[in-house]
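S.K.: Below you'll find the structure I mean.
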Amino acid sequence: MSVEDIDIDIDTDEVLNLEQEQYQIGYQEGVEESAKQQYLEGKQFGYQTGFQRFLIVGYIKGLIEEWEGHIDNYSDSKSVLSNHLQQLKSYVDNISVNNDETSVAQFELQLKKARNKLRVICQLVKESWKINNLDTLVEQVVGSMQVSENVDEMW
């Protein structure tokens, strides 16, 4: 039997394409893994941002409950304080937990109104210390808060 009698049927293009095929498989796996990682990172970022934002809302609700529970201690400004507390409560209660663009803009507007009202109430009851270091407290608990406004003017 000679070399001429052996029929080797190898498609060389197929062998050369093997490298390209493996490259495409690896590339596709990389794209899928990257998409999974981005999804998880986005989810974690969303949880962190939500926690950061609503920590302040929870703190404000706690202050409202405390002041309402001790409103008789502020007898000289009881009716004025009650009115301000109701306004503050309405600002906080109108904050949506949705994450669409309109809700986020509404959140920032309502929180800005709540912060301003909170400053007025703290001056009225002479308890400004309750909000003086709030930004520092929030940063210690959850890290830097992401806001779309000037952080120096928060409180």
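S.K.: What percentages make up the Cα-Cα pair-distance distribution of the range 52-144 when the bins are 10 Å wide from 0?
M.R.: 15, 47, 30, 7, 0
S.K.: If you rank Thr136, Thr102, Thr49 by how much accessible surface each has, with a 1.4 Å probe, what is the order from largest down?
M.R.: Values: Thr136 75, Thr102 105, Thr49 25 Å².
Descending order: Thr102, Thr136, Thr49.
S.K.: Past 21 Å, Cα to Cα: identify those pairs from Lys78/Lys117; Lys89/Lys112; Lys43/Lys130; Lys43/Lys112; Lys78/Lys112; Lys43/Lys117, in the order given.
M.R.: Correct reply: Lys43/Lys130; Lys43/Lys112; Lys78/Lys112; Lys43/Lys117.
S.K.: So if each residue of separation counts as 0.36 nm, and I subtract the Cα-Cα distance between Arg119 and Gln38, what length gain in nm does that give?
M.R.: 25.2 nm
S.K.: Can you give me the accessible area per residue for the range 52-144, using a 1.4 Å probe, in Å²? Don't jump to the answer; show the numbers that get you there.
M.R.: On the way: 5400 Å² over 93 residues.
With all protein chains present, the range 52-144 gives 58 Å² per residue.
S.K.: I would also like to ask the following. With all protein chains present, how much of the accessible area of the range 52-144 (probe radius 1.4 Å) comes from carbon and sulfur, to the nearest whole percent?
M.R.: Carbon and sulfur: 48 percent of the exposed surface of the range 52-144.
The values are calculated or read from the model by the stated rules, or taken from the named source; none is laboratory data. Computed from a predicted model, the values in this text were never measured in an experiment. Heads up: the accessible areas ignore ligands, DNA and RNA and are worked out on the full protein's heavy atoms, side chains in. Shrake-Rupley method; radii C 1.70, N 1.55, O 1.52, S 1.80 Å.
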